[in-house]
1. Averaging sequence separations of C-alpha pairs under 8 Å and six or more residues apart, then dividing by the length of the stretch 1-57, give the relative contact order as a whole percent.
2. What does the charge add up to near residue 67, with Lys and Arg as +1, Asp and Glu as -1, over the other residues with Cβ less than 15 Å from its Cβ?
3. Would you mind telling me the antiparallel percentage of the DSSP bridges in the chain, rounded to 5?
4. Calculate the length of the line joining the C-alpha centroid of the stretch 38-83 to that of the stretch 1-18, in whole Å.
5. Using the Cα centre of the chain as origin and beta-carbon charges of +1 (Lys, Arg) and -1 (Asp, Glu), tell me which of 31, 9, 77 is placed farthest towards the positive end of the dipole.
6. What is the angle, in °, between the Cα long axis of helix 27-41 and the longest principal axis of the Cα atoms in the chain? Nearest 10 is fine, range 0 to 90.
7. Using a 1.4 Å probe on the protein chains only, how many percent of the accessible area of the chain belongs to carbon and sulfur?
8. Run lengths n ≥ 4 of DSSP H only: what is the helix-derived mean residue ellipticity at 222 nm for the chain, with -39500 (n - 2.57) per run over all residues, to the nearest 500?
Amino acid sequence: MNKILIKLYVPMLEEEYEVWIPPNKKIHTVIGLLVKAVNEFSGGQYTPNKLPELYNKATGKCYDINLTVSESDIKNSSDIILL
């Protein structure tokens, strides 16, 4: 499996996006990629002051930025919040 498809909710924009993420990257790297993607999707409206965190939408659990995506419980169709 090369990529994982997630549903990303961005409360700051009140928008949801379907995004492919790499399973072998650390979560802090994926957050940087997601920030760039959401900024592009929103026409430059998303510019957080600090690195946001990822949360599991169902459980509210914050993901450890030092884990890789494959080491976390993020799977295809996971609902994730970028906050």
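The values are calculated or read from the model by the stated rules, or taken from the named source; none is laboratory data. Here the structure is a predicted model, which is why all the values come from computation and not from measurement. No Cβ is skipped: glycine too gets one built from the backbone with ideal geometry, and neighbour counts run over all protein chains shown. Calculation scope for accessible area: heavy atoms of the full protein, side chains included, ligands and nucleic acids excluded. Shrake-Rupley method; radii C 1.70, N 1.55, O 1.52, S 1.80 Å.
1. Over the stretch 1-57, the number comes to 26 percent.
2. 0
3. 80
4. Their Cα centres are 8 Å away from one another.
5. Checked the options; the winner is 31.
6. The answer is roughly 30 degrees.
7. The nonpolar share, carbon plus sulfur, comes to 50 percent.
8. Rounded to the nearest 500, it is -6000 deg cm²/dmol.
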